[in-house]
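To start, the structure itself, in structure tokens.
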Ligand code: ASP
Ligand code: MG
């Protein structure tokens, strides 16, 4: 069995949803389809939640009406038969009715998760109505029946696997199974989610859970590119990546893939393929355990990074100093991305300022603290690049007039990371495209 996951833009228009139906029915082996919400829906639901959290019920109601109108016209174009339109109308009534009931009760964190879940519930149900209209045999599997996370928000892969395997055994004549990405139940049994962009994560977890032959992630671009196509003009899709390379790229900013979505597939050696719904014959990117050839595969950028420097000539040499610093970040559950040290100072980066004031306050007794906001991490990723001497000199030659705040080299053999002020990101990405990839 294979897993095929389709993102928001792949199902975001009626003609695209029809195309997805064609793609999933044209397969040699049984398919488990994972769908995101229609593009724009989760953002709209976030906004509805925000308005409700502020007590702005009228604004929230207006947003709900607007979203419903969008779905009304979507359904009209997607479905032709009277009975399927009727069924779809019932689905819209159920989910938009639910949102309107929420308007009347008091808002809470767990209700906001219920709101966010509506997107994937709607997209999968409407897709199934479409499949039925086309007389395509399929079975619908609610993700809330098998996807779960524990008290630390970590997916319970063993439990997910047991539930899914049992369910698939019961439906072993079915060639097409449909489920939702993103949504799950938490340890209290409430509706929860795998964070924004989490449908990729669902796909990888599900693929690992059923030991799928492949986990296909269908988006609107033909694979992972060597550089950010939104910033740099000439980029190209990378044919093959190792799990480690893909994980680094996803973590350090390649938007095509949710950062956590590599480990489940990697753990069970399920190949991941990134494919393009708008160009289904394009090769895309294949991610496997196979280490690829040495050399820089890609450059990725991650924005909104904060650099913190702790300067202390008195304490830095003392052992235990770094541990004390790390403990501050641990206490505030804030992961550190980059770290560089000198004899008198240490710099670290974080990607969230939620706990920043508390962190600074607790770091102050250790020395002088300097904070640089609006930084960007630019990562070069590729097999053995940090152990291939010529790459460092090539990198140095490529970069011109860019104030580099930090460099991380040698942490992993497959990664070299630079930190620059966000205002220099575009220039740096372009210079690297020319210097490293020979593209202007
Ligand atoms: N619909 C969710 C989001 O927009 C999950 C996903 O699309 O992956 O974040
Ligand atoms: Mg996505």
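Observations on the structure shown:
- Taken over the stretch 206-220, the criterion of being surrounded by 22 or more Cβ atoms within 10 Å (Cβ to Cβ) and closer than 29 Å to residue 380 by Cβ is satisfied by 207, 208, 215, 216, 217, 218, 219.
- Flag: residue 256 does not match the condition of being part of a loop (DSSP other than H, G, I, E, B) and out of contact with any helix residue (DSSP H, G or I) (no Cβ under 9 Å at 6 or more places or on another chain).
- Restricting the stretch 96-127 to residues that are buried (at least 20 other Cβ atoms within 10 Å of the Cβ) and more than 24 Å from the chain's Cα centre (by Cα) leaves a set whose member that is nearest to ligand 2 (Cβ to nearest atom) is 99.
- Of the residues contained in the stretch 206-223, one or more are found to be within 13 Å of ligand 2 (Cβ to nearest atom), touching a helix residue (DSSP H, G or I) at 6+ places or on another chain (Cβ under 8 Å), within 27 Å of residue 384 (Cα to Cα) and not in a helix (DSSP H, G or I).
- The one condition from (1) away from ligand 2 (no atom under 16 Å from the Cβ); (2) touching a residue at least 60 places away in the same chain (Cβ under 8 Å); (3) surrounded by 13 or more Cβ atoms within 10 Å (Cβ to Cβ) that residue 29 does not meet is (3).
- Restricted to the stretch 253-299, and to residues there that are within 16 Å of ligand 1 (Cβ to nearest atom) and either without any contact (Cβ under 8 Å) to a residue 60 or more places away in the chain or surrounded by fewer than 17 Cβ atoms within 10 Å (Cβ to Cβ) (or both), the residue that is nearest to residue 222 (Cα to Cα) is 275.
- Of all residues in the stretch 149-170, those that are touching a residue at least 24 places away in the same chain (Cβ under 8 Å) have Cβ atoms under 6 Å from Cβ atoms of residues that are surrounded by fewer than 17 Cβ atoms within 10 Å (Cβ to Cβ), 6 or more apart or on another chain, in 149/186; 150/187; 151/187.
- Residues being under 21 Å from residue 87 (Cα atoms) and in a loop (DSSP other than H, G, I, E, B) - total across the stretch 132-150: 7
Per-residue answers, yes or no, for (1) within 23 Å of residue 36 (Cβ to Cβ); (2) within 14 Å of ligand 1 (Cβ to nearest atom); (3) assigned to a helix (DSSP H, G or I); (4) in contact with a strand residue (DSSP E or B) (Cβ under 8 Å, 6 or more places away or on another chain):
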position	(1), (2), (3), (4)
101	no, no, yes, no
113	yes, yes, yes, yes
118	yes, yes, yes, no
121	yes, yes, yes, yes
125	yes, no, yes, yes
152	no, no, no, no
161	yes, no, yes, no
179	yes, yes, no, yes
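- Here residue 426 meets the list (1) at pLDDT 95 or above; (2) over 27 Å from residue 291 (Cβ atoms); (3) touching a helix residue (DSSP H, G or I) at 6+ places or on another chain (Cβ under 9 Å) almost entirely, failing just condition (3).
- First in the stretch 175-188 and closer than 13 Å to residue 164 by Cα, second anywhere and in a strand (DSSP E or B) and within 16 Å of ligand 2 (Cβ to nearest atom), Cβ under 6 Å, 6 or more apart: 178/33; 179/34
The values are calculated or read from the model by the stated rules, or taken from the named source; none is laboratory data. Everything numeric in this text was worked out from a predicted model, so none of it was measured. In this analysis, Cβ positions are derived from the backbone assuming ideal geometry, glycine residues included, and neighbour counts consider all displayed protein chains.
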